[in-house]
Amino acid sequence: MPEPAPSRLELLQGTLDLIILQALRWGPRHGYGLVQMIQAGSGDVLRIETGSLYPALHRLARKKWIAAAWNTAESGQRVRVYTLTPAGRKQLVAERTRWDLISGAMAALMQEPEGDHP
């Protein structure tokens with residue numbers, strides 16, 4: 001029987017900004033749309049709760065990595081739409097570089113060391 005998936009906190013610790021910036025790279029989204037896109041794009045592995053999402057969106061807006069504007073949805077409801085800014089695109093490159101470094105290091109740690117057999 002497979003091991004249970006790690007908790008959301010474990011999966012998202014330190015990566016939520018990267019995940020949001022990456023999702024907004026594909027175009028403007030409102031909060032619920034971001035949650036749906038991330039969940040679907042991750043094959044249902046990553047589920048971001050609103051209690052984590054909205055504080056992160058506000059933090060990213062304060063840093064000017066994203067911009068927020070009110071818009072009207074097809075349903076007629078007012079929604080806040082988030083867009084990646086030029087500064088956010090630059091930060092996304094930095095975050096992706098850091099992620100690539102960390103994920104490469106983690107992958108290397110999963111390999112058996114050469115010549116170091118007990």
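Please treat every number below as a calculation from the coordinates, not as lab data. Predicted model, so just to flag it, every value in this text is computed and none were measured. For neighbour counting, all protein chains shown are included, and Cβ atoms are generated from backbone atoms with ideal geometry for every residue, glycine included.
As a test of the formula, what do you get for the chain when each DSSP H run with n ≥ 4 contributes -39,500 (n - 2.57) and the sum is divided by the residue count, at 222 nm and rounded to the nearest 500 deg cm²/dmol?
-17000 deg cm²/dmol
Tell me the net charge near residue 20. Cut-off is 12 Å between Cβ atoms, residue 20 excluded, with +1 for each Lys or Arg and -1 for each Asp or Glu. Write down the numbers at each step before the final one.
On the way: positive: 25, 29, 59, 63; negative: 17, 95.
With Lys, Arg at +1 and Asp, Glu at -1, the neighbours total +2.
Rank these for me by crowding, 93, 79, going from fewest to most other beta carbons within 10 Å.
93, 79
Please compute the net charge surrounding residue 97, taking Lys and Arg as +1 and Asp and Glu as -1 over other residues with Cβ under 15 Å from its Cβ.
Charge balance near residue 97 sits at +2.
Among 50, 85, which comes first, second and so on when ranked by fewest other beta-carbon atoms within 10 Å?
Details: 50 11, 85 18.
Least to most surrounded, the residues fall as 50, 85.
Using DSSP to call loops (not H, G, I, E or B), can you name the GluC sites (Glu not before Pro) in the range 12-118 whose Cβ has at most 16 other Cβ atoms within 10 angstrom?
Values: sites: 49, 74, 95, 114; in loops: 49, 74, 114.
Listed in order of number, the matching sites are 49, 74, 114.
Can you put 83, 97 in order of Cβ neighbours within 10 angstrom, beginning with the fewest?
Listed from fewest to most nearby Cβ atoms, that is 97, 83.
Please give the net charge around residue 59, taking every other residue with its beta carbon less than 14 angstrom from that of residue 59, where Lys and Arg add +1 and Asp and Glu add -1.
Residues close to residue 59 contribute a combined charge of +1.
Output the relative contact order of the chain, whole-number percent, from Cα pairs under 8 angstrom with separation of 6+ residues.
Worked out over the chain, it gives 25 percent.
In degrees, nearest 10, range 0 to 90: what is the angle between the Cα axis of helix 50-62 and the longest Cα principal axis of the chain?
Between helix and principal axis, roughly 80 degrees.
Give or take rounding to whole Å, what are the principal axis extents of the alpha carbon atoms in the chain, in descending order?
If we take the Cα atoms of the chain, the spans are 66, 37, 21 Å.
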